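*Asks:* This is the structure I want to talk about, given as structure tokens.
The values are calculated or read from the model by the stated rules, or taken from the named source; none is laboratory data. Because the structure is a prediction, the values reported are computed rather than measured. Heads up, the Cβs are rebuilt from the backbone with ideal geometry, glycines too, and the neighbour counts pull from every protein chain shown.
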Amino acid sequence: MHNHELLLIGSVGGGLGAWTRIVVRDEFVAKGIASWRVVMSINLVGSALAGLAVRMTEGSFEWALFTLGFLGGFTTFSTMCVDIVVQWIADRRRAAVTVAVGTMIGGPLIAWISSVFAAMFVARSAISTAAIIPLAGRRITHHMSGLLGIACGGFVGTGIRIFVQFLAPIIGFPIWTATALVNMIGTGFAGFAFRWLCSLDANGVALHEPSRRLTLERLLVFGFAGGLTTMSTLSIEIVEAMRHSLLTGLLIGGVNLLMGLTFTILGWWIAYRCFPARESISPIPISNKVV
């Protein structure tokens, strides 16, 4: 398949993956599970599926739709970095460390284990994504109402990520630098947009009813930044690098995490300086507002 066809197919898969991530997250948050725990689990599951998908033929329709697109949008490096910063600021240091260590070590480890499993037991065929998508039940209207913004944001973000990944080898850079670049840009953007729009608390609970700003948050943070960044691809790249050099694998993981957190904090700080007062979005009396 041609690169432009792979880019289009991957972008569609990325939009679907970003929407699926929010469906999964919202369902578990509604059951009282903290958002950061759900996102970390999503990244680990996505890394495991990426390991299983190594048997797919690179450049095929299934590879573009599932590995390059869906898993890239389903997992998210930017939200992980935002979660680390939010938990740290909220004085939940253990949670912040758990997210960082659990994702950056657990992701590559589980990707490696599943890739070994795939090499032994999995035939070269497409992996059905239907099993990943949960039944939304009574919240299906909520999920469908946010579908367009999340899917569009994921489509655009994934398309840019795939374009950069295709471009890197052409200009002579290793592919992991492309992933590091989009993760760096995506985390900075997510840090800025989340602090600017912030309609969720540290546990992912909505602070107000759905509004125009919440829709914008879904488009920019969970859709675009989530599709632009990826944890599944990063996990596979770390595993591949460690097969040749342990130091190189650790370097790739360390650079992504360090730059991701740095740019998340930078984006957060810029938004804080530009928008120091976060007004309530809900139409409540001024006397009831919390400053």
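*Asks:* Of the residues ALA118, ALA130, ALA95, which is at pLDDT 90 or above and among the aliphatic types (A, V, I, L, M)?
*Replies:* Going through ALA118, ALA130, ALA95 in turn, the sole match is ALA95.
*Asks:* Still on this structure, I have one more. Do you know which of the residues in the stretch 258-276 that are loosely packed, with under 14 Cβ neighbours inside 10 Å and hydrophobic (A, V, I, L, M, F, W, C) is farthest from VAL221 (Cα to Cα)?
*Replies:* The qualifying residue farthest from VAL221 (Cα to Cα) is LEU258.
*Asks:* Residue under question is SER11, and the condition is that it be under 30 Å from VAL97 (Cβ atoms), at pLDDT 85 or above and either β-branched (Val, Ile, Thr) or touching a helix residue (DSSP H, G or I) at 6+ places or on another chain (Cβ under 9 Å) (or both); does it hold?
*Replies:* Details: under 30 Å from VAL97 (Cβ atoms): no; at pLDDT 85 or above: yes; either β-branched (Val, Ile, Thr) or touching a helix residue (DSSP H, G or I) at 6+ places or on another chain (Cβ under 9 Å) (or both): yes.
Taking the combined requirement at face value, the residue does not satisfy it.
*Asks:* Just one of the numbered conditions (1) among the aliphatic types (A, V, I, L, M); (2) in contact (Cβ under 8 Å) with a residue 12 or more places away in the chain; (3) more than 25 Å from PHE166 (Cα to Cα) is not true of ALA18; which one?
*Replies:* It fails just one condition, (3).
*Asks:* Only one of these is at pLDDT 90 or above, surrounded by 16 or more Cβ atoms within 10 Å (Cβ to Cβ) and in contact with a Cys (Cβ under 8 Å, 6 or more places away or on another chain): THR179, THR187. Name it.
*Replies:* The conditions single out THR187.
*Asks:* Still on this structure, I have one more. Could you list, in sequence order, the residues of the stretch 17-54 that are crowded, with 22+ Cβ neighbours inside 10 Å and of a type in the set (Phe, Trp, Tyr)?
*Replies:* The answer is TRP19, TRP36.
*Asks:* Right, next: When the stretch 65-91 is examined, which residues are found to be over 18 Å from the mean Cα position of the chain (by Cα) and either modelled with pLDDT of 90 or more or assigned to a helix (DSSP H, G or I) (or both)?
*Replies:* Result: TRP88, ILE89.
*Asks:* Right, another one. Please pick out the residue among SER287, SER282, SER235 that is at pLDDT below 90 and either under 22 Å from VAL54 (Cβ atoms) or assigned to a helix (DSSP H, G or I) (or both).
*Replies:* Answer to the selection: SER287.
*Asks:* Please determine whether any residue of the stretch 76-99 is touching a Ser or Thr at 6+ places or on another chain (Cβ under 7 Å), surrounded by 21 or more Cβ atoms within 10 Å (Cβ to Cβ) and farther than 19 Å from THR262 by Cβ.
*Replies:* No: the stretch 76-99 contains no residue that is touching a Ser or Thr at 6+ places or on another chain (Cβ under 7 Å), surrounded by 21 or more Cβ atoms within 10 Å (Cβ to Cβ) and farther than 19 Å from THR262 by Cβ.
*Asks:* With the requirement that a residue be under 14 Å from ASN256 (Cβ atoms), part of a helix (DSSP H, G or I) and free of Cβ contacts under 8 Å to residues at least 12 places away in the same chain, what does the stretch 151-189 give you?
*Replies:* THR177
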